[in-house]
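A short worksheet on the structure shown next.
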Amino acid sequence: MYLMDTPYGSVPLPVWERPEPQPRAAPVPLSRAKIAASAIQLADAHGLDGLSVRKIAKELGVGPMRLYDYVINRAELLDLMVDAVYAQIAEAGQPTEWRAAVLDIVHRTRAAALEHEWFADLLGARPHLGPHALAVGESTAAALSRAPGLRGIDDLQRALGVLNAFICGALRREITERRTARLTGTDVSAWQAALGPYLTRMLETGRYPTIARLVIDGAHLNAEETFHHNLITILDGITSHPRPDFGGSASR
């Protein structure tokens, strides 16, 4: 096994740094890319709960133990799957203007998450460090670093934190709605219509005037329009909102 020394002892090298096992012509040639592609197909169809080494091996026509020559555990398998999705996000050329570049990356991230809903379930925890994930992170950070009003690495860190929080929250909310519609057989329009009379009665009490304004006068956008509108608001805030003074900023 390929190991590296850390302050916590010896641990396996990341899957990205371990060489592929020697290829076999028979019975079935394997690679990490092939394993990840099969796992993605299963997860697209059945979600992460329906994913197992045994099922992947069956799809590939090999014994389950053979897969452990390529990945040592489920976490590594998920790393490969996630990085394959990041490869989709990274593959297109990017505009040079900072805002256009960020919009392009974030909208491609949304498109990838809608194609692979399980991807959103794996966002928001520890950062993904596969080569394609790092490439997307670098492109995003480089684009944001050119935004007017960002005055150093502290501002860039905050901007990236806000943007990533928006991406995770917005995608999870949209995908949760899609799953709920499939589970219940009721889309959001039908749900709103069913509860409309109740909500009208509640708003007519006068106890919720601000919510009433939102319901009656607010824009009613579809999911894509809402995502884009809110993303624009985030980018506007990054470039125009004055930084709070916490009484001792390291970026002064």
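The values are calculated or read from the model by the stated rules, or taken from the named source; none is laboratory data. Fair warning: this is a prediction, and the values are worked out from it, not measured in the lab. All Cβ positions, even for glycine, are placed from backbone atoms using ideal geometry, and neighbour counts span all protein chains on display.
Observations on the structure shown:
- Single residue of segment 191-222 satisfying the filter (over 30 Å from the mean Cα position of the chain (by Cα) and among the polar types (S, T, N, Q)) that is farthest from Ala181 (Cα to Cα): Thr205
- Residue check, Leu77 buried (at least 19 other Cβ atoms within 10 Å of the Cβ), modelled with pLDDT of 90 or more and not assigned by TED's automatic domain parsing to the domain that holds Arg18: yes
- Residue match in segment 149-162 (condition: under 30 Å from Gly47 (Cβ atoms), surrounded by fewer than 12 Cβ atoms within 10 Å (Cβ to Cβ), at pLDDT below 95 and assigned by TED's automatic domain parsing to the domain that holds Arg126): no
- Matching residues in segment 166-201 - criterion: being outside any helix (DSSP H, G or I) and touching a Gly at 6+ places or on another chain (Cβ under 6 Å): none
- Applying the condition of being β-branched (Val, Ile, Thr) and assigned to a helix (DSSP H, G or I) to segment 204-235 and asking which residue is surrounded by the fewest Cβ atoms within 10 Å (Cβ to Cβ) yields Thr210.
- Restricting Ala181, Ala194 to residues that are surrounded by 15 or more Cβ atoms within 10 Å (Cβ to Cβ), more than 19 Å from Ile105 (Cβ to Cβ) and out of contact with any Phe, Trp or Tyr (no Cβ under 6 Å at 6 or more places or on another chain) narrows the list to Ala181.
- Among the residues of segment 113-164, those that are more than 15 Å from the chain's Cα centre (by Cα) and either among the aliphatic types (A, V, I, L, M) or over 19 Å from Ile238 (Cα atoms) (or both) comprise Pro131, Ala141, Ala142, Ala143, Leu144, Ala147, Leu150, Ile153, Leu156, Ala159.
- Residue in segment 112-123 that is free of Cβ contacts under 8 Å to residues at least 60 places away in the same chain and in contact with a Gly (Cβ under 9 Å, 6 or more places away or on another chain) present: no
- If you go through segment 36-51 and pick out every residue that is touching a Gly at 6+ places or on another chain (Cβ under 8 Å) and either surrounded by fewer than 19 Cβ atoms within 10 Å (Cβ to Cβ) or farther than 11 Å from Leu78 by Cβ (or both), you end up with 1.
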